[in-house]
Every structure is written in structure tokens, then in C-alpha cells.
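**Q** Here it is: the structure, laid out below.
The values are calculated or read from the model by the stated rules, or taken from the named source; none is laboratory data. Bear in mind that the values here come from a model prediction, so they are computed numbers and not experimental data. Note that each Cβ is placed from the backbone with ideal geometry, even for glycine, and that neighbours are counted across all protein chains shown.
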Amino acid sequence: MKETSMVRVISGEDVKEILAGKEKQVIYIVEEAFKKRLKGSVMLPDKISQIFDSKIQKRINCMPASILDEKVSGVKWISVFPQNPNEGYRNVTGQILLSELEHGYPIAFMDGTYLTALRTATVGAIASKYLGKKECVEIGFIGAGEQARMHFQIIKLIHPEIRVCKVSSRSQSTITLFIKELRKIYPDVTYVNCGTDYQEAVCDADIIVTAISAQTDLLKAAWIKKGTLYIHVGGWEDEFAVARRADKIVCDEWESVKHRAQTISRMYAAGELKDEDIYCNLGEIITGQKKGRLNNEEFIYFNSVGVGFVDIYLAYRVYQMALESERGMSIEL
């Protein structure tokens with residue numbers, strides 16, 4: 001009887017090196033995950049969320065999922081502590097455990113922090129592929145941290161025509177770092193420091209991204225022009241009128257969104273949004289079951305809550321790449 005198993009331990013640095021320069025491949029993998037969901041190859045139990053401070057949404061989430069046609073199951077343990085940057089710690093940290101489905105033995109344990117950030121930005125970028133205008137020349141950010149920077153980088157792959165990036169934040173230092181880092185990589189873009197003038201950052205944007213942990217309605221409906229795609233990343237960061245104004249509301253997974261604490265989740269709980277107000281899930285557009293943007297006048301609201309099956313499928317592909325490239329360390333349990 002086999003009583004032990006070999007588990008590949010993959011560090012955050014390993015994950016970064018494995019995925020370095022593979023952003024387009026990650027986009028393909030994430031789209032494949034959504035396709036598998038629509039094909040019925042995914043088991044997605046409810047996320048378990050332990051909320052320790054409802055005001056700032058300080059929480060630890062447990063996100064299980066199985067990819068049946070790949071014969072792999074996994075769980076992501078993800079901590080979101082919004083006050084951490086003020087104390088010199090990361091806002092978000094995560095770990096992922098994978099098991100094979102032939103005997104149920106664990107096969108990998110990896111850092112999920114970078115993978116989570118990359119997955120989140122990639123889902124937003126895929127939304128821009130199907131829901132943004134063909135020509136998006138200006139992007140506006142509320143929030144200038146790591147998640148905002150990563151969104152810009154992946155969206156720029158989808159929309160290389162972007163020439164103006166306006167950025168706002170409560171923290172001037174994060175804006176300065178945002179512009180300093182991205183200007184070196186994308187010198188073809190004009191960067192505008194909008195300070196705390198959130199309206200200036202978004203009023204002319206073809207794509208708006210809010211990547212903050214403020215838990216307040218910073219984004220106002222009156223600031224948004226026709227034809228904009230709004231990518232909602234965090235929790236509560238826009239007033240209810242933003243979603244009411246949208247021609248389409250698209251989610252990564254509405255059933256996972258509706259009982260959370262995001263803006264449209266709050267609207268649903270308050271009876272101000274119904275199931276039929278949601279146009280569709282992103283996977284339905286990726287697979288062609290639903291149409292994405294129809295014209296340049298539509299204002300489209302995309303809500304990303306983060307779904308475990310995408311993380312688990314991406315983690316499984318990272319595990320396979322780690323074996324191929326001999327990254328990580330195998331230990332016997």
C-alpha cells in the first residue's frame with residue numbers, strides 16, 4: 001500500500017519565473033478555464049469567507065474547485081487584509097493545494113499570491129477583449145497599487161493602441177511608483193497624475209479600472225462617458241447609479257457575486273438588482289453563446305469577484321510547467 005505521496009512545493013519566486021513572458025499563454029489558459037466551466041467539466045463549491053471586519057472587509061477566503069477532465073482538484077486559501085500596506089505587509093496573500101483525482105493524493109503546494117494577482121488582471125483584460133471598444137486609447141484608474149499596475153500591463157497586451165493612462169489614488173506615493181514603473185516599460189503612453197481627483201482620472205476613459213480597498217462609493221455615474229467599459233475589481237467602490245446606468249452588466253460568475261459584498265451584491269441584497277438584470281457571465285461571451293459589445297455607445301459594467309476554478313486550472317498548468325522546467329522542490333509526505 002502506498003502510504004506517502006510526493007508533493008511539489010513551488011514558491012512565489014518559482015511561479016513568477018515560470019510565468020515570466022508567458023502573459024499571452026496565461027490569457028489562453030484563463031479563457032480555457034471559462035470554456036471548461038461551460039462544458040460542465042468544473043465542480044465549484046461555494047466559497048467560504050471568514051470576515052473579521054465587515055467595514056474594511058478584512059477576511060480569509062477558502063476557494064475549492066475541481067477540473068474534472070484534467071483529474072485535478074484544489075483549494076486556494078486567500079487572505080485579504082486591507083490595512084496591511086499601512087503596516088508594511090501585503091494586502092493579499094494566498095496559497096494553493098492541488099490533489100490528483102485518481103487516488104486523491106496531494107501533488108502540489110504553491111504560493112498563490114502572484115498567481116492570484118495575475119489571474120485577476122487577466123480576467124479583467126479578457127473582459128476588455130470582448131467588452132471594450134476596438135480602439136481604446138485612454139484608460140483611467142482609481143487605485144494605483146500592484147493590482148492596478150498588473151491590470152494595465154495585461155490590458156495593454158489586448159489593447160496596444162492605448163496612449164493615455166490617467167491614474168488617481170488616496171496615496172500619492174503609489175501613483176508615483178505606478179507611473180515610474182510603467183513608463184519604463186511603455187514609453188509610448190502619456191501618464192497623467194490625477195492625485196485624488198477621481199473624476200479627472202476617469203471622465204474621458206474608454207476603460208475604467210477601480211482597484212482599491214476603500215469600501216466606499218468613489219466612482220460616480222455622472223463621470224462615465226458613453227462607450228466606456230468599467231472593470232470593477234474590488235468590493236464596494238462605485239455608487240449604485242453606475243450599475244443602473246449600464247447597458248450591460250457582465251460578471252465572471254454571477255452566482256458567486258450575488259451574495260458577496262461588492263456593489264452589485266449590495267444592490268441585489270437591497271432588492272435594487274435582480275437576476276434578470278445581469279446580461280450574462282463572461283464565459284458565455286468567450287464561448288459565443290452571448291454577444292459582447294454591439295456598438296461604441298454601450299456602457300458595459302464588468303464585475304469580477306474571482307472564481308476558484310480559474311485559479312485551480314491556472315495553478316495546475318503552473319505545476320505542469322514546474323515539472324517540465326524542474327522548478328520547485330519535491331517533498332515526501
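**Q** Filter the helices (runs of 4 or more DSSP H) completely within the range 252-333 down to those with at least 1 residues that are basic (Lys, Arg).
**A** Values: elements: 254-257, 263-269, 282-286, 308-325.
So the answer is 263-269, 308-325.
**Q** Please work out which residue is nearest to Glu13 (Cα to Cα), limiting yourself to the range 312-326 and to residues that are of a type outside the set (A, V, I, L, M, F, W, C) and buried (at least 19 other Cβ atoms within 10 Å of the Cβ).
**A** Tyr319
**Q** Only strands (runs of 3 or more DSSP E) wholly contained in the range 148-226 count here; list those with 1 or more residues that are surrounded by fewer than 17 Cβ atoms within 10 Å (Cβ to Cβ) and modelled with pLDDT under 95.
**A** Working: elements: 164-168, 190-193, 207-210.
Once the strands (runs of 3 or more DSSP E) in the range 148-226 are filtered for at least 1 residues that are surrounded by fewer than 17 Cβ atoms within 10 Å (Cβ to Cβ) and modelled with pLDDT under 95, nothing remains.
**Q** Filter the range 298-311 down to the residues that are over 17 Å from Ser128 (Cβ atoms) and either at pLDDT 95 or above or surrounded by fewer than 21 Cβ atoms within 10 Å (Cβ to Cβ) (or both) and list them by number.
**A** Matches in the range 298-311: Phe309, Asp311.
**Q** Restricting attention to the range 247-277, and to residues there that are surrounded by 21 or more Cβ atoms within 10 Å (Cβ to Cβ) and aliphatic (A, V, I, L, M), which single residue is modelled with the lowest pLDDT?
**A** Top of the filtered list is Val257.
**Q** A further question follows. Among the candidates Tyr279, Tyr301, which residue alone is in contact with a strand residue (DSSP E or B) (Cβ under 6 Å, 6 or more places away or on another chain) and over 27 Å from Ile56 (Cβ atoms)?
**A** Tyr279 is the lone residue from the list that is in contact with a strand residue (DSSP E or B) (Cβ under 6 Å, 6 or more places away or on another chain) and over 27 Å from Ile56 (Cβ atoms).
**Q** Still on this structure, I have one more. Which pairs do you get when a residue that is at negative phi, found in the range 89-105, comes within reach of a residue that is of a type in the set (S, T, N, Q) and buried (at least 17 other Cβ atoms within 10 Å of the Cβ), reach meaning Cβ atoms under 6 angstrom, with the pair 6+ apart or on two chains?
**A** Sorted first by the residue in the range 89-105, then by its partner, the pairs are Thr93/Ser79; Thr93/Thr113; Gly94/Thr113; Gly94/Thr116; Ser99/Ser73; Leu101/Ser73.
**Q** Pick from the range 51-72 the residues that are farther than 28 Å from Arg8 by Cβ and surrounded by fewer than 16 Cβ atoms within 10 Å (Cβ to Cβ): which of them is modelled with the highest pLDDT?
**A** Checked the range 51-72; the qualifying residue modelled with the highest pLDDT is Phe52.
**Q** Do we have any residue at all in the range 233-242 that's of a type in the set (Phe, Trp, Tyr), free of Cβ contacts under 8 Å to residues at least 24 places away in the same chain and assigned to a helix (DSSP H, G or I)? Reasoning before the result, please.
**A** Step one: list which residues in the range 233-242 are of a type in the set (Phe, Trp, Tyr), which gives 236, 240.
Filter again for free of Cβ contacts under 8 Å to residues at least 24 places away in the same chain, leaving none.
Checked the range 233-242: no residue is of a type in the set (Phe, Trp, Tyr), free of Cβ contacts under 8 Å to residues at least 24 places away in the same chain and assigned to a helix (DSSP H, G or I).
**Q** Checking the structure you have, find out if any residue of the range 73-86 is exposed (fewer than 14 other Cβ atoms within 10 Å of the Cβ) and under 29 Å from Ala214 (Cβ atoms). Can you show your working first?
**A** Step one: filter the range 73-86 for residues exposed (fewer than 14 other Cβ atoms within 10 Å of the Cβ), giving 83, 86.
When the remaining residues are screened for being under 29 Å from Ala214 (Cβ atoms), the result is 83, 86.
Yes, the conditions are met somewhere in the range 73-86.
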